[in-house]
């Protein structure tokens, strides 16, 4: 199979390239980016790197990009979610299956409207196949099988990274996405309908395996809320939300950037030049990521846990289950990057191999991917492990 990876200069794409290059069924990988220099720089780290072809490519120029990536069986879109719709256009032009890493709710809703386009083309588009959304969607679908009726689904993300300090900040994922999560209202499915809450509201205190420990989580904007309520409708789900715990250093630095207006897309004038604060901060983050490329990359030491908790009934008996996905780093690849990049690579390969629940169309992982090969592929990577528990109902969780 042949896979085109878009946005190949990013940290998530590096993990995807690593996983795809290690897959014996993948014969060619295009590492496509406006500036593929970082993709070239990381090639010495990757086994089977001869499979990888760095390509200078503007995904928004559909016809030109399609000529450069002709022959791709699937497109794995690792660039900013703002380009998801254009990346879908490119997939259709290539007659290739499509995978992305999430649309931060609102873009995902727009993407779902492309159902007819992909159905007519006989192609599958899998939206949000990273760690969260992605693994969490599949975890929720797995737990739902044990319920006749579902009351509440809680999705949580917590991590620990000793490299993240107040004096040394490298965004664990896109700084643009992090700022939007930090500031934007959080859609939650509450009492059977979507409502918007202030970012980081509705807090809870939860305990995770060390070294994460006890953390405070709060609701933020995320794509799971765009798709899982519909998928679980036949179970009568009433409440569904996503909550995250940022490390203190990340939270403090996002607060400073937000207070300074760094998320603004409105250009400001400086010494005769115009630049948007968000564009400037994005460039700084990309430079910091590129600075980590070298012959002796720093070994990653982070640890991340995704948790899904479901409460409801089995028959007439109340029931509550939780499932944790623990993610560990691999060499210089962080647990956070592995969770997103490896999962995207797995999903792309599954689409090409036909390991799907649908023959064509657009959907999130819970609707598109077959459960057994998906979880088997994660477990085979040895950096993922799963722990399932019987829990107390949600009303007994400690609240702030």
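Points to keep in mind about this one:
- Some residue of the range 211-224 being surrounded by 23 or more Cβ atoms within 10 Å (Cβ to Cβ), modelled with pLDDT of 95 or more and part of a helix (DSSP H, G or I): yes
- Selection within the range 239-252 - farther than 18 Å from residue 104 by Cα and buried (at least 18 other Cβ atoms within 10 Å of the Cβ): 247, 250
- Within the range 190-206, residues that are in the same structural domain as residue 226 (by TED's automatic domain parsing) and surrounded by fewer than 16 Cβ atoms within 10 Å (Cβ to Cβ) reach partners that are in a loop (DSSP other than H, G, I, E, B) and at pLDDT below 95 with beta carbons closer than 8 Å, at six or more positions or on different chains, in the pairs 203/400; 205/398; 205/400.
- Qualifying position, being over 26 Å from residue 138 (Cβ atoms) and either in contact with a helix residue (DSSP H, G or I) (Cβ under 7 Å, 6 or more places away or on another chain) or modelled with pLDDT of 90 or more (or both), among 263, 249: 263
- All positions within the range 326-369 that are modelled with pLDDT of 95 or more, in a loop (DSSP other than H, G, I, E, B) and surrounded by fewer than 24 Cβ atoms within 10 Å (Cβ to Cβ): 328, 329, 354, 355, 357, 358, 359, 360
- Note on the range 38-66: residues that are out of contact with any strand residue (DSSP E or B) (no Cβ under 7 Å at 6 or more places or on another chain) and touching a residue at least 40 places away in the same chain (Cβ under 8 Å) amount to 5.
- If you go through the range 19-52 and pick out every residue that is modelled with pLDDT of 90 or more, crowded, with 17+ Cβ neighbours inside 10 Å and within 24 Å of the chain's Cα centre (by Cα), you end up with 11.
- Identity of the residue in the range 61-93, at pLDDT below 95 and surrounded by fewer than 24 Cβ atoms within 10 Å (Cβ to Cβ), that ends up nearest to residue 30 (Cα to Cα): 80
- Residue 323 being part of a strand (DSSP E or B), within 19 Å of the chain's Cα centre (by Cα) and touching a residue at least 12 places away in the same chain (Cβ under 8 Å): yes
- Answer from 148, 166, 161 - the residue that is over 30 Å from residue 251 (Cβ atoms) and either buried (at least 24 other Cβ atoms within 10 Å of the Cβ) or touching a residue at least 12 places away in the same chain (Cβ under 8 Å) (or both): 148
- From the options 232, 257, residue that is closer than 29 Å to residue 300 by Cβ and buried (at least 18 other Cβ atoms within 10 Å of the Cβ): 257
- Looking only at the range 82-97, and only at residues there that are touching a residue at least 40 places away in the same chain (Cβ under 8 Å) and not in a helix (DSSP H, G or I), the one that is farthest from residue 188 (Cα to Cα): 96
- Looking across the range 118-136, just one residue is surrounded by fewer than 24 Cβ atoms within 10 Å (Cβ to Cβ), out of contact with any strand residue (DSSP E or B) (no Cβ under 8 Å at 6 or more places or on another chain) and more than 14 Å from residue 351 (Cβ to Cβ), and that is 120.
The values are calculated or read from the model by the stated rules, or taken from the named source; none is laboratory data. Model, not experiment: these values are computed from the prediction. Here Cβ is always computed from backbone atoms with ideal geometry, including for glycine, and neighbour counts include all displayed protein chains.
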